[in-house]
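Here you go, one structure.
The values are calculated or read from the model by the stated rules, or taken from the named source; none is laboratory data. Computed from a prediction, not measured in an experiment: that's the story for all the values here. As a convention, Cβ positions derive from the backbone with ideal geometry for all residues, glycine included, and neighbour counts pool all protein chains shown. For accessibility, only protein heavy atoms count, side chains too; no ligands or nucleic acids. Shrake-Rupley method; radii C 1.70, N 1.55, O 1.52, S 1.80 Å.
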Amino acid sequence: MPRKLAAGNWKMNGVQASLGEIRTLAEAHAGSDVDILICPPATLVSLAAELEGNIQVGGQDCHANKNGAHTGDTSAAMLKDSGAGYVIVGHSERRTDHKETNQQVHDKALAAWSENLIAVVCIGETLEERENGETNQVLANQLAGSVPIGALAANTVVAYEPVWAIGTGKIPTFEEISQAHAFIRGFLASQHETSEAHGMSLLYGGSVKPSNAAEIFALNNVDGALVGGASLKAVDFSAIISALEASA
Ligand code: PEP
């Protein structure tokens, strides 16, 4: 069975005063039977990792190289050294803002694995692609190009995030989420060891809120969520985590 995971992506939000949100989550969900992850900005990774409790910490991106002349970048080795256990790769904001290709995302995932970090590989179609009936083809291309062969349930999480649902308050229908997750599971099984593909956690991301989380978590092949805006405040993210706990 895939592990249940509630992952929060703080994006470019958060200063040291925000660490209190993580403390609150740790208190509210001590002993939780689901995995809880916060990906704060790189400036907070080591401080967040030092906090007591069961909240895991991840980076939001990593460079494919271990070190070198890459001003402003952070390597997987640096994230590991700071106490991270995960790193998001291929978020749509990176694919758009930094023109990241599937090959680059693939190489970042390999870098994550080499440091024993779990790679959270993000994929998802644009609204235009959905309206053109290209969703499955886009997902297949992204999965084939971004998830390295040899992916294991222990080192890879796939986050399905329709680009048009991120930060917009819009979500696909529950039927569309189910269809996308079933397609992703099947495609992963065709490319990777079947038992590993069936054990991988598949997250839905895009405008997950306390008000829609329970219905999303009830869907087949949805093992949790990658949450942006609603992960910034402990009160909201805690409600989403509680919905995942109740579904487990
Ligand atoms: C995200 O950035 O991964 C995301 C899903 O954002 P939001 O929850 O704000 O839509």
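Counting other Cβ atoms within 10 Å of each Cβ, which trypsin sites (Lys or Arg not before Pro) in segment 57-126 have at most 10 and sit in a DSSP loop? Could you put the intermediate results ahead of the total?
Values: sites: 66, 80, 94, 95, 99, 108; in loops: 66, 99.
The qualifying sites are 99.
Using a 1.4 Å probe on the protein heavy atoms, what percent of the accessible area of the chain belongs to carbon and sulfur?
Carbon and sulfur atoms account for 50 percent of the accessible area of the chain.
Next up: Taking a threshold of 21 Å on the Cα-Cα distance, which of the pairs 170/209; 4/108; 80/108 fall above it?
4/108
Here is a follow-up. Just tell me which aspartates and glutamates come within less than 19 Å, Cα to Cα, of residue 11; anything on the same chain fewer than 8 places away is out.
The reachable aspartates and glutamates, counting only those whose Cα sits under 19 Å from residue 11, are 21, 61, 73, 93, 97, 100, 161, 236.
Let me ask another. Compute, for segment 5-247, the length of the dipole vector about the Cα centre, with Cβ point charges of +1 (Lys, Arg) and -1 (Asp, Glu) only. Units Debye, rounded to 20.
In total the dipole reaches around 300 debye.
Please identify the trypsin sites (Lys or Arg not before Pro) of segment 123-226 that satisfy two criteria: DSSP loop assignment and at most 10 other Cβ atoms within 10 Å. Which are they? Don't jump to the answer; show the numbers that get you there.
Values: sites: 130, 170, 185; in loops: 170.
Sites meeting the loop and neighbour criteria: none at all.
Quick one: what are the phi-derived ³J(HN,Hα) couplings along segment 183-196, Karplus 6.51/-1.76/1.60 with θ = phi - 60°, whole Hz, x for glycine and proline?
Result, ordered by residue: 5, 4, 4, x, 5, 4, 5, 7, 9, 10, 3, 4, 5, 5 Hz.
Along the charge dipole of segment 107-248, pointing to its positive end and built from +1/-1 on Cβ of Lys, Arg, Asp and Glu, which listed residue (117, 163, 184) has its Cα farthest out?
117
Here's something else I'd like to know. 5 Å is the cut-off here: which amide hydrogens, built 1.01 Å from N in the peptide plane, fall below it relative to residue 89, excluding neighbours closer than 5 in sequence?
Residues meeting the amide H criterion: 120, 121, 122.
In whole Hz, what ³J(HN,Hα) sequence does segment 200-205 give by Karplus (6.51, -1.76, 1.60; θ = phi - 60°), x for Gly and Pro?
Result, ordered by residue: 6, 6, 10, 9, 9, x Hz.
Taking H placed 1.01 Å from N in the peptide plane, check which residues at least 5 places from residue 75 or on another chain put their amide H under 5 Å from its amide H.
63
Based on the mean of other Cβ atoms within 10 Å per residue, sort peptides 33-39, 51-57 so the most packed one is first.
33-39, 51-57
Before I look further, what does the chain give for accessible area per residue, probe 1.4 Å, in whole square angstrom?
Working: 10830 Å² over 248 residues.
Averaged over the residues of the chain, the accessible area is 44 Å².
Follow-up question, since we're still on this one. Amide H neighbours of residue 8 under 5 Å, at least 5 residues apart or on other chains, H built in the peptide plane: list them.
37, 38, 39, 227
Through the Karplus equation 6.51 cos²θ - 1.76 cosθ + 1.60, θ set to phi - 60°, convert the phi angles of segment 123-129 into ³J(HN,Hα) values in whole Hz; use x for Gly and Pro.
Calculated HN-Hα couplings, in order: 9, x, 8, 7, 5, 4, 5 Hz.
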